[in-house]
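A.B. asks: Before anything else, here's the structure in question.
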There are 4 protein chains.
Amino acid sequence: MRKISIGILGATGTVGQMFVQMLDGHPWFEVTELAASDRSAGKSYGELMRSRWSAGAEIPEYARDMVVKECHPGLDCSIVFSALDSDVAGGIEEEFANHGYAVSTNARNHRMDADVPISIPEINPEHLGLIERQRTRRGSKGFIITNGNCSTISFCMGLKPLYDAFGVEKAVVTTLQALSGAGYPGVPSLDIVGNVIPFINGEEEKMQSEPLKIFGRLSGGAIRNAGFAISATCTRVGVVNGHTESVSVKLSRKADPDEVIEAWEDFNPLAGLGLPSSPRRPITYTRESDRPQPRKDASAGNGMTTVIGRLRECSILDYKFVLLGHNLVRGAAGSAILNAEMLVKQGYIDGQSIGK
Amino acid sequence: MRKISIGILGATGTVGQMFVQMLDGHPWFEVTELAASDRSAGKSYGELMRSRWSAGAEIPEYARDMVVKECHPGLDCSIVFSALDSDVAGGIEEEFANHGYAVSTNARNHRMDADVPISIPEINPEHLGLIERQRTRRGSKGFIITNGNCSTISFCMGLKPLYDAFGVEKAVVTTLQALSGAGYPGVPSLDIVGNVIPFINGEEEKMQSEPLKIFGRLSGGAIRNAGFAISATCTRVGVVNGHTESVSVKLSRKADPDEVIEAWEDFNPLAGLGLPSSPRRPITYTRESDRPQPRKDASAGNGMTTVIGRLRECSILDYKFVLLGHNLVRGAAGSAILNAEMLVKQGYIDGQSIGK
Amino acid sequence: MRKISIGILGATGTVGQMFVQMLDGHPWFEVTELAASDRSAGKSYGELMRSRWSAGAEIPEYARDMVVKECHPGLDCSIVFSALDSDVAGGIEEEFANHGYAVSTNARNHRMDADVPISIPEINPEHLGLIERQRTRRGSKGFIITNGNCSTISFCMGLKPLYDAFGVEKAVVTTLQALSGAGYPGVPSLDIVGNVIPFINGEEEKMQSEPLKIFGRLSGGAIRNAGFAISATCTRVGVVNGHTESVSVKLSRKADPDEVIEAWEDFNPLAGLGLPSSPRRPITYTRESDRPQPRKDASAGNGMTTVIGRLRECSILDYKFVLLGHNLVRGAAGSAILNAEMLVKQGYIDGQSIGK
Amino acid sequence: MRKISIGILGATGTVGQMFVQMLDGHPWFEVTELAASDRSAGKSYGELMRSRWSAGAEIPEYARDMVVKECHPGLDCSIVFSALDSDVAGGIEEEFANHGYAVSTNARNHRMDADVPISIPEINPEHLGLIERQRTRRGSKGFIITNGNCSTISFCMGLKPLYDAFGVEKAVVTTLQALSGAGYPGVPSLDIVGNVIPFINGEEEKMQSEPLKIFGRLSGGAIRNAGFAISATCTRVGVVNGHTESVSVKLSRKADPDEVIEAWEDFNPLAGLGLPSSPRRPITYTRESDRPQPRKDASAGNGMTTVIGRLRECSILDYKFVLLGHNLVRGAAGSAILNAEMLVKQGYIDGQSIGK
């Protein structure tokens, strides 16, 4: 099989680097283009990132000598992964889609567009059906798919097995989010060393709205949002990677604790599909009394597994538990890559350069 | 006015040190005895604490040359503040009370005893009425009063104005608690640097039960617990002092956000009583979008003020907000001292040595 | 005594805030002007700083309603404290001096000017004699005095008693510097959480050159630099306040360890002068085996005392030890204020508005 | 080739876990025995370590069901890796050696024994010759070899190329050491969050003495220590893994900076030997101005590479630089394993069970 050509937009940021890292040696995809702001364009990626590289021990060899380009259509690739900042992502992604590229983005700009899915392959693979509607609108083979916000994705992963098995009516969540979620330079050290910041701009709104679309039903070419209620409080803590979430849920029908755990442990809708970035288990439940913990558990399943623990009855809703997801992997680059793998599986990518 | 003589039990621990620090220059109280484990007894406090002192810049001068004694009745003082570990506090405090001492303790052992109040002067001053029942039982002038758990006290401070003005039916809370709450040596650094521990042994149970007694009604010599429901999740973060709490509440009757904030800001039941440790304002509401923060706000009102911020409507309960309290001051030593001041105000302490 | 009027340039930054804080209630000085960048000018200090204030629990009351001005001569004050960034400080300070103001600055720009002293009152009070030469050059009563770099000042404090008693020939120093030394926003949290950065731009050069001027001899209206050698390595660690320094020194003549400690403990050249910001003891030597530590010792003497510990023989030079100073107080604002107090003491300030 | 059987003493501690992790899939060695304190003996390793495992994402599968034994000869293995605490290591290791086991230990107890080498294969492979003398003394095939202290090993790695090329006469070093070097529970979080501890018990003595033996000459069956002088200051910082060291050296003969860097970059004495744990490059020199940094560079060469940067001239000695090594890998378990690989290469291990 010839590999599908990939471009990365915003390749120099925290999430962009993670795309570069995670696509190193990918069995289906091959990075052929790196693009970033005009300021970076024209320089070699290795030189640009020498002192800023943080996604792994070393810049992958394939990327070092690649010359960074500007973020304009004309890139030689079929799929574009976007790690652009939201202040520029909207227009650039639109342009790429209109020029025939498949855009899998981590930016928030198009998440709420009516014909753009917020895709999580384990949860709503049928939402990719919106792509046809998009193509019609654009008059182009190109399209945009998004992944949810970093704290939203793991939250939805934790809810999905309960939603399917018992129904979910309400969820109250307080997050303790990692620094890398704010990008670089992000949070000043004087604000967070020995401290907590109980606010992340725009985050609670995302956590309260995105899941309803993610769990929505595709019907007649449109998504009808799910109807449960979410109340989120988002805080920042001095952790490098891994968002911890304290969740209480009200279920639609009674469930024993054992049934809840079983629902999580049995959840594996992608098993057998052979998607390269799909972890062996999308969810693991830990019986340790003091886990999950970000520094110890964020890398489970190479960062693609949501780790859940501390299931207890909640005296107000039904159950409460703690979940943890790697915000840069499952919460960003890894999800966008898994989404693209699902696109291939479902036949939305033909493996030939669309953009040209 | 001659000062009332004070003994401190467990004077060498994290909370014990805070007693020593906060009583330096106290206008009503004078520390005449320091006591600790047998291992420490017989040594000068200054020498013992030289390398372990952490409650302030320097060991207060009055305490340096005091010889630490064992924790047995016979100490020359009227009031005993106890910062003992719960594995020994129960029996020792009982013994002191039976020998005629007024015991104001931070330990959890006697909190749930039927005739022992969990006292917060701003909330339940009438609960001190239980003392008479205790005295009868003991056949002694001595008695025990307790303060709540460190995360409970600030939580109750935040709820009280809402409870009085609108009624509270339900509260969901997730805490982000400071390291000093675990004492010394407490949490190993390898467990918390760049990490979160989503579990504190026994803490959630305390937060779910103690407030019901604290908000209870004294009637016929017994406390009838309040009836609202609490669901708590307690986590530990890499903060030195200051517990942050994310709270959602359901009120008994509708309230505007402005009314809620007004309830907090108007709350000052001890105003005019002249209790030395009572802060000018027991609660402050901050309008900054990203406050309260432990490193910046824990010392408000010398650590006695609960700082609240981020009031928002909650789509599941009615309101949510973030509150912060200094766990060693308002959450421990400061509350025990304020309790003792209230004892004096209400006439339970005659100012003469009871113990002898 | 009528108070001397003070203006603070760069009043909104990390060091500027510390000036505002430390001058609250100062017995000789009264802040009459706050100035900052054009962007801040025209707004009330309280409003500007509401969410950025970090120098203490609360913005001092006197400063809250003051309207921030631009940094141009015309400010109604006699002494100007400058906490300006070095990219603008040079010209602005020059302008103020030429207009007759006494400028006591923390910026590095003029430190190496031939007629500008790097003043540390305990070390080189006679260097203020350069002021006359400056006045002549300027044809104005105004002048500039500087304090050393934050890591330099405490380093020099530790060396001075040894220099006087035994002579110093060589010093090797490695610093572990606090985050607040980099200002705000300063060091990104992703760079320092659980990490060390073994480099601070320009810092080693300052530590190697400034002490030679500070210890220099004023002779014929010029300073002849001291002749010893310094080799510095500067690193950044995840500490909020307090620079720790590991120092090895070669002395000119033999000394017993007891003599070295005695030299430090006896050092108190400002005793009896009554300078308000002069600590009771400029240096304390701690016998604890694991001190000084920044979080526990940086506030000694309200941040004006240099704490030294761990004196040991060095097999290569003569002695080694660890010293600690508060980088924002003794290392910045506190030193500039002490310098101004010395100006008053020596008669360089007449207490009447010079600037107008 | 049949794999050589391995036992790990002290398998539950921080270093012991790292042995378990690093030997997973080792091409020459196979762990057949895990041993620890009597308290742990009899339990399965997986169960014992479930909540304490920290050496990687998951306990290696091979180790999970192994039953932990007591630390007494009788273990079924040829080589014993010891991660025992120094308060028990001395006698136990002696016993194993006397019973015919090859003991490669990380404990300090036997490092200074006259017939026990402190082995670093890149530096002193000929020191393994002491083994014969040991065997004669013991009347057994068994023996003990040690690796140096965690901060010593990387320090020596940095010095060795300079020692060979130019001679080393003096070295002044200040370390910033990671928390994992103190084991678990180790440093209390209240002592290190936002802080530095400028003291590590016994560490400076080790850094000042061990290198002289490591660089010594084996002659007539004894090691004659090297003659250069070392002065060390050891501090603890809030880093998880990776000791940073600020080093100044005086060389015996002049060298250009380029020659110094070349000496480091050309250093690779084990190249071609095929030792499985030998990194591709034992030393890398980084030209980034602010590296090496522990969180970013400690894992270079899977933790076996010493990373050096910031070479500058030193005005007192000749050169100064910053080096970094992973204290649990190259500084402990990884070095002990590399030592054992060298034993095999040199023929000291016959690959059959010695112990039985």
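The values are calculated or read from the model by the stated rules, or taken from the named source; none is laboratory data. Values in this document were obtained by computation on a predicted structure and should not be read as measured data. FYI the Cβ positions are ideal-geometry reconstructions off the backbone, even for glycines, and counts take in every protein chain you see.
A.B. asks: Just name the residue that is nearest to A:G186 (Cα to Cα) out of those in segment A:26-55 that are part of a loop (DSSP other than H, G, I, E, B) and without any contact (Cβ under 8 Å) to a residue 12 or more places away in the chain. Walk me through it before giving the result.
C.D. replies: The initial filter retains those residues of segment A:26-55 that are part of a loop (DSSP other than H, G, I, E, B), namely A:26-28, A:37-43, A:50-55.
Retained after the next criterion (residues that are without any contact (Cβ under 8 Å) to a residue 12 or more places away in the chain): A:39, A:50-51.
Details: A:R39: 19, A:R50: 19, A:S51: 17 Å.
Step by step, filter segment A:26-55, then rank; the result is A:S51.
A.B. asks: Right, another one. In segment C:236-258, which residues are more than 19 Å from D:S315 (Cα to Cα) and surrounded by 17 or more Cβ atoms within 10 Å (Cβ to Cβ)? Spell out how you get there, then give the answer.
C.D. replies: Within segment C:236-258, the first condition is being more than 19 Å from D:S315 (Cα to Cα), and the residues that meet it are C:236-244, C:253-258.
The answer is C:R236, C:V237, C:G238, C:V239, C:V240, C:N241, C:G242, C:H243, C:T244, C:A255.
A.B. asks: Determine, yes or no, whether D:S140 is in contact with a helix residue (DSSP H, G or I) (Cβ under 6 Å, 6 or more places away or on another chain) and surrounded by fewer than 20 Cβ atoms within 10 Å (Cβ to Cβ). First the steps, then the outcome.
C.D. replies: Numbers: in contact with a helix residue (DSSP H, G or I) (Cβ under 6 Å, 6 or more places away or on another chain): yes; surrounded by fewer than 20 Cβ atoms within 10 Å (Cβ to Cβ): yes.
Yes; evaluated as a whole, the condition is true for this residue.
A.B. asks: Of everything in segment A:185-207 that's polar (S, T, N, Q) and within 7 Å of another protein chain (Cβ to nearest Cβ), which residue is farthest from A:V172 (Cα to Cα)? Step through it out loud before you land on a result.
C.D. replies: Initially, segment A:185-207 is screened for residues polar (S, T, N, Q), giving A:189, A:195, A:201.
If we keep only those that are within 7 Å of another protein chain (Cβ to nearest Cβ) as well, we get A:189, A:195.
Details: A:S189: 29, A:N195: 23 Å.
Among those that are polar (S, T, N, Q) and within 7 Å of another protein chain (Cβ to nearest Cβ), it is A:S189.
A.B. asks: For segment D:75-92, enumerate the residues that are touching a residue at least 40 places away in the same chain (Cβ under 8 Å) and among the acidic types (D, E).
C.D. replies: Selection gives D:D76, D:D85.
A.B. asks: Something else now. Quick check on my filter: what residues within segment C:173-184 are within 13 Å of chain A (Cβ to nearest Cβ) and either hydrophobic (A, V, I, L, M, F, W, C) or over 20 Å from D:R295 (Cα atoms) (or both)?
C.D. replies: Step one: filter segment C:173-184 for residues within 13 Å of chain A (Cβ to nearest Cβ), giving C:177-184.
Correct list: C:A178, C:L179, C:S180, C:G181, C:A182, C:G183, C:Y184.
A.B. asks: All but one of (1) assigned to a loop (DSSP other than H, G, I, E, B); (2) in contact with a strand residue (DSSP E or B) (Cβ under 7 Å, 6 or more places away or on another chain); (3) of a type outside the set (A, V, I, L, M) hold for B:E58; state the number of the condition that does not hold.
C.D. replies: Condition not satisfied by B:E58: (2).
A.B. asks: More than 28 Å from C:R291 (Cα to Cα) and surrounded by 15 or more Cβ atoms within 10 Å (Cβ to Cβ): is that true of B:E94 in this structure? Before the answer, list the steps.
C.D. replies: Numbers: more than 28 Å from C:R291 (Cα to Cα): yes; surrounded by 15 or more Cβ atoms within 10 Å (Cβ to Cβ): yes.
Yes; evaluated as a whole, the condition is true for this residue.
A.B. asks: Can you find a residue in segment C:145-160 that is buried (at least 24 other Cβ atoms within 10 Å of the Cβ), over 25 Å from C:V307 (Cβ atoms) and of a type in the set (A, V, I, L, M)?
C.D. replies: Yes, segment C:145-160 has at least one match.
A.B. asks: Looking at (1) facing another protein chain (nearest Cβ under 10 Å); (2) in contact (Cβ under 8 Å) with a residue 12 or more places away in the chain; (3) at negative phi; (4) not acidic (D, E), can you tell me which one B:K345 breaks?
C.D. replies: Against the list (1) facing another protein chain (nearest Cβ under 10 Å); (2) in contact (Cβ under 8 Å) with a residue 12 or more places away in the chain; (3) at negative phi; (4) not acidic (D, E), B:K345 comes up short only on (1).
A.B. asks: Which of the residues belonging to segment D:135-148 are within 22 Å of D:I4 (Cα to Cα) and either touching a His at 6+ places or on another chain (Cβ under 9 Å) or without any contact (Cβ under 8 Å) to a residue 40 or more places away in the chain (or both)? Please lay out each step first, then the result.
C.D. replies: So in segment D:135-148, the residues within 22 Å of D:I4 (Cα to Cα) come out as D:135, D:140-147.
If the condition is that a residue be within 22 Å of D:I4 (Cα to Cα) and either touching a His at 6+ places or on another chain (Cβ under 9 Å) or without any contact (Cβ under 8 Å) to a residue 40 or more places away in the chain (or both), then D:R135, D:S140, D:G142, D:I144, D:I145, D:T146 are the ones that fit.
A.B. asks: Looking at (1) without any contact (Cβ under 8 Å) to a residue 24 or more places away in the chain; (2) not in a loop (DSSP other than H, G, I, E, B), find the lone condition where B:T175 falls short.
C.D. replies: Among (1) without any contact (Cβ under 8 Å) to a residue 24 or more places away in the chain; (2) not in a loop (DSSP other than H, G, I, E, B), B:T175 violates only (1).
A.B. asks: Here's a follow-up. Can C:G100 be described as over 13 Å from C:L9 (Cβ atoms) and either of a type in the set (K, R) or in contact with a Leu (Cβ under 9 Å, 6 or more places away or on another chain) (or both)? Write out each step before concluding.
C.D. replies: Values: over 13 Å from C:L9 (Cβ atoms): yes; either of a type in the set (K, R) or in contact with a Leu (Cβ under 9 Å, 6 or more places away or on another chain) (or both): no.
Considered against the rule, which asks whether it is over 13 Å from C:L9 (Cβ atoms) and either of a type in the set (K, R) or in contact with a Leu (Cβ under 9 Å, 6 or more places away or on another chain) (or both), C:G100 comes out as no.
A.B. asks: Could you list all residues from segment C:210-235 that are within 14 Å of another protein chain (Cβ to nearest Cβ) and buried (at least 19 other Cβ atoms within 10 Å of the Cβ)?
C.D. replies: Scanning segment C:210-235 gives C:P211, C:F228, C:I230, C:S231, C:A232, C:T233, C:C234, C:T235.
A.B. asks: Now, a different point. Collect the residues in segment B:288-340 that are surrounded by 24 or more Cβ atoms within 10 Å (Cβ to Cβ), of a type outside the set (A, V, I, L, M) and within 26 Å of B:A11 (Cβ to Cβ), keeping them in residue-number order.
C.D. replies: Scanning segment B:288-340 gives B:P294, B:G303, B:T305, B:G325, B:H326, B:N327, B:R330, B:G331, B:G334, B:S335, B:N339.
A.B. asks: Still on this structure: Quick test for you: out of C:E288, C:E313, C:E262, pick the one residue that is at pLDDT below 95, assigned by TED's automatic domain parsing to the domain that holds C:V237 and not basic (K, R). Show your work before the answer.
C.D. replies: On the way: C:E313 fails: at pLDDT below 95; C:E262 fails: at pLDDT below 95.
Just a single option satisfies the conditions, and that option is C:E288.
A.B. asks: Any residue in segment A:236-245 that is over 19 Å from the mean Cα position of the chain (by Cα) and of a type in the set (K, R)?
C.D. replies: So far as segment A:236-245 goes, no, none of its residues is over 19 Å from the mean Cα position of the chain (by Cα) and of a type in the set (K, R).
A quick yes/no check of all residues on (1) modelled with pLDDT of 95 or more; (2) within 28 Å of C:D38 (Cβ to Cβ); (3) not polar (S, T, N, Q):
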{"position": "C:D85", "(1), (2), (3)": "yes, yes, yes"}
{"position": "C:R108", "(1), (2), (3)": "yes, yes, yes"}
{"position": "C:R111", "(1), (2), (3)": "yes, yes, yes"}
{"position": "C:P121", "(1), (2), (3)": "yes, no, yes"}
{"position": "C:P125", "(1), (2), (3)": "yes, no, yes"}
{"position": "C:R138", "(1), (2), (3)": "yes, yes, yes"}
{"position": "C:N147", "(1), (2), (3)": "yes, yes, no"}
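A.B. asks: Would you please name the residue that is farthest from the other protein chains (Cβ to nearest Cβ), looking only at residues in segment C:295-317 that are of a type in the set (K, R) and not in a strand (DSSP E or B)? Steps first, please.
C.D. replies: We begin by selecting, within segment C:295-317, every residue of a type in the set (K, R); these are C:295-296, C:310, C:312.
Checking which are not in a strand (DSSP E or B) leaves us with C:295-296.
On the way: C:R295: 4, C:K296: 7 Å.
For segment C:295-317, the residue satisfying everything is C:K296.
A.B. asks: Please verify whether C:S315 is more than 18 Å from C:I120 (Cα to Cα) and either among the β-branched types (V, I, T) or free of Cβ contacts under 8 Å to residues at least 12 places away in the same chain (or both), treating the condition exactly as stated. Break it down stepwise before answering.
C.D. replies: Numbers: more than 18 Å from C:I120 (Cα to Cα): yes; either among the β-branched types (V, I, T) or free of Cβ contacts under 8 Å to residues at least 12 places away in the same chain (or both): yes.
Answer is yes for this residue.
A.B. asks: Give just the number: which of (1) touching a strand residue (DSSP E or B) at 6+ places or on another chain (Cβ under 8 Å); (2) surrounded by 16 or more Cβ atoms within 10 Å (Cβ to Cβ); (3) in contact (Cβ under 8 Å) with a residue 60 or more places away in the chain does B:I120 not satisfy?
C.D. replies: Against the list (1) touching a strand residue (DSSP E or B) at 6+ places or on another chain (Cβ under 8 Å); (2) surrounded by 16 or more Cβ atoms within 10 Å (Cβ to Cβ); (3) in contact (Cβ under 8 Å) with a residue 60 or more places away in the chain, B:I120 comes up short only on (1).
A.B. asks: Restricting segment B:167-203 to residues that are of a type in the set (G, A, S) and more than 20 Å from D:S180 (Cβ to Cβ), which is surrounded by the most Cβ atoms within 10 Å (Cβ to Cβ)? Spell out the reasoning first.
C.D. replies: Taking segment B:167-203 as the starting set, the residues that turn out to be of a type in the set (G, A, S) are B:167, B:171, B:178, B:180-183, B:186, B:189, B:194, B:202.
Restricting the remaining residues to those that are more than 20 Å from D:S180 (Cβ to Cβ) gives B:167, B:171, B:178, B:180-183, B:202.
On the way: B:G167: 13, B:A171: 25, B:A178: 32, B:S180: 29, B:G181: 26, B:A182: 21, B:G183: 16, B:G202: 11.
It comes out as B:A178.
A.B. asks: Then there is this: So, D:L338, is that one among the aliphatic types (A, V, I, L, M) and in the same structural domain as D:I261 (by TED's automatic domain parsing) or not?
C.D. replies: no
A.B. asks: Inside segment D:178-204, can you point out the residues that are small (G, A, S), part of a loop (DSSP other than H, G, I, E, B) and either on the phi > 0 side of the Ramachandran plot or free of Cβ contacts under 8 Å to residues at least 40 places away in the same chain (or both)? Before the answer, list the steps.
C.D. replies: Looking only at segment D:178-204, we keep the residues that are small (G, A, S), and these are D:178, D:180-183, D:186, D:189, D:194, D:202.
Still in the list and also part of a loop (DSSP other than H, G, I, E, B): D:178, D:183, D:186, D:194, D:202.
Once the filter is applied, which keeps residues that are small (G, A, S), part of a loop (DSSP other than H, G, I, E, B) and either on the phi > 0 side of the Ramachandran plot or free of Cβ contacts under 8 Å to residues at least 40 places away in the same chain (or both), segment D:178-204 yields D:G183, D:G186, D:G194, D:G202.
A.B. asks: Filter segment A:238-294 for residues that are part of a helix (DSSP H, G or I) and within 14 Å of another protein chain (Cβ to nearest Cβ) and give the result.
C.D. replies: Looking only at segment A:238-294, we keep the residues that are part of a helix (DSSP H, G or I), and these are A:257-266, A:294.
Residue satisfying the conditions is A:P294 alone.
A.B. asks: Please enumerate the residues belonging to segment B:154-171 that are over 21 Å from the mean Cα position of the chain (by Cα) and within 9 Å of chain A (Cβ to nearest Cβ).
C.D. replies: B:K170
A.B. asks: On to the next question. Can you name the residue in segment D:61-95 that is of a type in the set (G, A, S) and not in a strand (DSSP E or B) and, of all such residues, is nearest to the other protein chains (Cβ to nearest Cβ)? Steps first, answer last, please.
C.D. replies: Filtering segment D:61-95 down to residues of a type in the set (G, A, S) leaves D:63, D:74, D:78, D:82-83, D:86, D:89-91.
Narrowing further to those that are not in a strand (DSSP E or B): D:63, D:74, D:78, D:83, D:86, D:89-91.
On the way: D:A63: 17, D:G74: 33, D:S78: 32, D:A83: 16, D:S86: 19, D:A89: 21, D:G90: 25, D:G91: 28 Å.
Out of the qualifying residues, it is D:A83.
A.B. asks: Of (1) within 19 Å of C:R135 (Cβ to Cβ); (2) part of a loop (DSSP other than H, G, I, E, B); (3) more than 15 Å from the chain's Cα centre (by Cα), C:R111 satisfies all except one. Which?
C.D. replies: Tallying (1) within 19 Å of C:R135 (Cβ to Cβ); (2) part of a loop (DSSP other than H, G, I, E, B); (3) more than 15 Å from the chain's Cα centre (by Cα), C:R111 fails exactly one: (3).
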